[in-house]
Amino acid sequence: MCGGAVSEGDFLLNNARVATLAPGEAPYGLIGDAALAVRNGAVAWVGQSADLPGEFGRLEARDMGGRLVTPAPIDCHTHLVAGGNRAREFEMRLEGATYEEIARAGGGIVSTVAATRAASEDALLADALRRADALIAEGVATIEVKSGYGLDTETELRMLRAARRIAGVRPVRVRTTYLGAHAVPPEFKGRADAYIDEVCIPTLHAAHAEGLVDAVDGFCEGIAFSPAQIERVFDAARELGLPVKLHAEQLSNLGGARLAAAYGALSADHLEYLDEDGVRAMAGAGTVAVILPGAYYTLRETRAPPIDLLRRHGVGMAVATDANPGSSPLTSLLLAMNMACTLFRLTPEEALAGITREAARALGLAECGVVAPGRRADLAVWDVDHPAELAYRIGFNPLHARIYGGSP
Ligand code: DI6
Ligand code: FE
């Protein structure tokens, strides 16, 4: 007999169907009549019940009643920490104003900056938790949270601290991304270069010194920062050994994806205006395309990201909420999957891979995103017959149970 001692918290899920999302296997990596052994918070074994090695037979068994088990969803692009809301701006857009017009008139991101600066860390946390809870209710186990509504050192640090505290009060992992290059704050209006040099880069150093930064992001756009300005931020990130990602080609094509790829970015996000050169560059760099249908939908954008080109060049596609008070007040990854399929013609399999395996890649996480031996036991158990149901329903949550690091 082999196998380690059985410790408390180790268990076996049997009578399950497991969509492993491991690449290169059956569609969805689906295993029917499956068993899944969890030991020390990690997946120890997964496969057909009939092949279960004897050593796992001693584990406490839990009957899944034929339910579907998947990797726990990962929301790899959110702005969950933010002050206030922009319902009034929503009204203005319905009255005819565009997102860019509102931004140029001092509304948009800058109005959330004012509300965020006015909020305490506790208030930011309390507000973010309401949105985090909505994600967790759909089984989400890892949430990326960006700064970028402070745009001064004190508030950027406060946002990142509030984001990290989410993981202290909820069973969820948080990855924090520094997005100092999100917008030019009012006090630097017309002086974007000065903002980058005097605030954005020094604040990155301060946040990194406090251990608050997992990655560095920027918004490369006419209403935000030029490629040359983003490059300076990325150079600073590189000096600190931090990975980068970029909001690129959302409203126009400034070559942001190519720039991101040149820095070996984990991801380039949005990408509605991406061209084939950019796709090629991303493929060469292994940069994940993060598809954000919530922003496309909210802004009533009509140009879809070039999904066919991304597929043809083998660029991995993640799907995320982009949860933010302006362009994507969306806190449902299931709905994001549905939108990615209906609006962008992703397959349900691509959408599910997009919130699991590819989302993990977009965050540089090797320990989650697929169900495989050695990976964290971050699992979602769903009351569905087929994995396509997860993307198919609209506004329905079939989550039965969530297992986080092996804990139900
Ligand atoms: N692109 C987006 O969609 C969000 N940020 C960004 O760079 C919008 C943020 C907002 O409108 O508050
Ligand atoms: Fe965003």
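The values are calculated or read from the model by the stated rules, or taken from the named source; none is laboratory data. Since we're looking at a predicted model, the values are computed, not measured. In this analysis, Cβ positions are derived from the backbone assuming ideal geometry, glycine residues included, and neighbour counts consider all displayed protein chains. Each accessible area value is taken on the protein alone, full model and side chains, heavy atoms only, with ligands, DNA and RNA left out. Shrake-Rupley method; radii C 1.70, N 1.55, O 1.52, S 1.80 Å.
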Q: Filter the stretch 91-113 for residues that are open to solvent by 10 Å² or more (accessible area, probe 1.4 Å), in contact with a Pro (Cβ under 8 Å, 6 or more places away or on another chain) and within 11 Å of ligand 1 (Cβ to nearest atom) and give the result.
A: Val110
**Q.** Segments classed as helices (runs of 4 or more DSSP H), wholly inside the stretch 145-257, with at least 3 members that are within 16 Å of ligand 2 (Cβ to nearest atom)
**A.** 153-169
Q) Looking at Tyr263, is it surrounded by fewer than 24 Cβ atoms within 10 Å (Cβ to Cβ) and within 16 Å of ligand 2 (Cβ to nearest atom)? A) no
**Q.** Pair list, Cβ < 7 Å and 6+ apart or interchain, from the stretch 325-345 residues that are among the β-branched types (Val, Ile, Thr) to residues that are away from ligand 1 (no atom under 16 Å from the Cβ)
**A.** Thr331/Ala134; Thr331/Leu135
Q) Within the set of pairs 6 or more residues apart or between chains, which connect a residue that is within 18 Å of Ala360 (Cα to Cα) and open to solvent by less than 20 Å² (accessible area, probe 1.4 Å) inside the stretch 299-319 to a residue that is among the polar types (S, T, N, Q) and not in a loop (DSSP other than H, G, I, E, B) with Cβ atoms less than 8 Å apart? A) Ala318/Ser267
**Q.** Matching option when the condition is in contact with a helix residue (DSSP H, G or I) (Cβ under 7 Å, 6 or more places away or on another chain) and either open to solvent by 30 Å² or more (accessible area, probe 1.4 Å) or within 16 Å of ligand 2 (Cβ to nearest atom) (or both), among Met339, Met282
**A.** Met339
Q.
I need the full set of residues from the stretch 342-370 which are open to solvent by less than 20 Å² (accessible area, probe 1.4 Å) and of a type in the set (D, E, K, R), in order please.
A. Glu358
Q: Could you list all residues from the stretch 266-277 that are free of Cβ contacts under 8 Å to residues at least 60 places away in the same chain, over 15 Å from Ala304 (Cβ atoms) and open to solvent by less than 10 Å² (accessible area, probe 1.4 Å)?
A: Ala268
Q.
Let me spell it out: the conditions are (1) more than 25 Å from the chain's Cα centre (by Cα); (2) free of Cβ contacts under 8 Å to residues at least 60 places away in the same chain, and Gly9 meets all of them except one. Which number is the exception?
A. (2)
Q: Report yes if some residue within the stretch 286-294 is β-branched (Val, Ile, Thr), without any contact (Cβ under 8 Å) to a residue 40 or more places away in the chain and either buried (at least 21 other Cβ atoms within 10 Å of the Cβ) or within 16 Å of ligand 2 (Cβ to nearest atom) (or both); otherwise report no.
A: yes
Q) If we keep just the residues of the stretch 148-171 that are among the β-branched types (Val, Ile, Thr) and crowded, with 22+ Cβ neighbours inside 10 Å, which is farthest from Ala132 (Cα to Cα)? A) Thr155
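Of all residues in the stretch 68-99 being outside any strand (DSSP E or B) and of a type in the set (Ser, Thr, Tyr), which is nearest to ligand 2 (Cβ to nearest atom)? Explain how you work it out, then say what you get.
Applying the first criterion (outside any strand (DSSP E or B)) to the stretch 68-99 yields 72-73, 76-99.
Then keep just the ones that are of a type in the set (Ser, Thr, Tyr); that gives 78, 98-99.
On the way: Thr78: 8, Thr98: 18, Tyr99: 13 Å.
Restricting to residues being outside any strand (DSSP E or B) and of a type in the set (Ser, Thr, Tyr), the top hit is Thr78.
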Q.
Exactly one of these conditions fails for Ile102: (1) in a helix (DSSP H, G or I); (2) among the β-branched types (Val, Ile, Thr); (3) touching a Ser or Thr at 6+ places or on another chain (Cβ under 7 Å). Give me its number.
A. (3)
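Mind listing just one residue for me: the one in the stretch 55-67 that is part of a strand (DSSP E or B) and of a type in the set (D, E, K, R) and, of those, farthest from Val370 (Cα to Cα)?
Of the residues in the stretch 55-67, the ones part of a strand (DSSP E or B) are 60-63.
Still in the running and of a type in the set (D, E, K, R): 60, 62-63.
On the way: Glu60: 23, Arg62: 21, Asp63: 21 Å.
Ranking the qualifying residues of the stretch 55-67, first place goes to Glu60.
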Q: Write out, first by first residue and then by second, each pair whose Cβ atoms fall under 9 Å of each other, whose residues are 6+ apart or on separate chains, and whose first residue, in the stretch 66-86, is within 11 Å of Ala323 (Cβ to Cβ) while the second is basic (Lys, Arg) and more than 16 Å from ligand 1 (Cβ to nearest atom).
A: Val81/Arg158
Q | Long-range neighbours under 8 Å by Cβ, at least six apart or interchain, first residue touching a residue at least 40 places away in the same chain (Cβ under 8 Å) and farther than 28 Å from Arg173 by Cβ within the stretch 203-228, second assigned to a strand (DSSP E or B) and small (Gly, Ala, Ser) | A | Ala224/Ala181; Ala224/Gly218; Phe225/Ala181; Phe225/Gly218
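Can you tell me which residue is farthest from Leu135 (Cα to Cα) among those in the stretch 320-332 that are open to solvent by 10 Å² or more (accessible area, probe 1.4 Å) and more than 14 Å from the chain's Cα centre (by Cα)? Reasoning before the result, please.
So in the stretch 320-332, the residues open to solvent by 10 Å² or more (accessible area, probe 1.4 Å) come out as 324-325, 329-332.
So of that shortlist, the ones also more than 14 Å from the chain's Cα centre (by Cα) come out as 325, 329.
On the way: Pro325: 15, Pro329: 13 Å.
So the residue we want is Pro325.
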**Q.** Residues that are closer than 20 Å to Asp75 by Cα and either modelled with pLDDT under 95 or acidic (Asp, Glu) (or both), drawn from the stretch 257-283
**A.** Asp269, Glu272
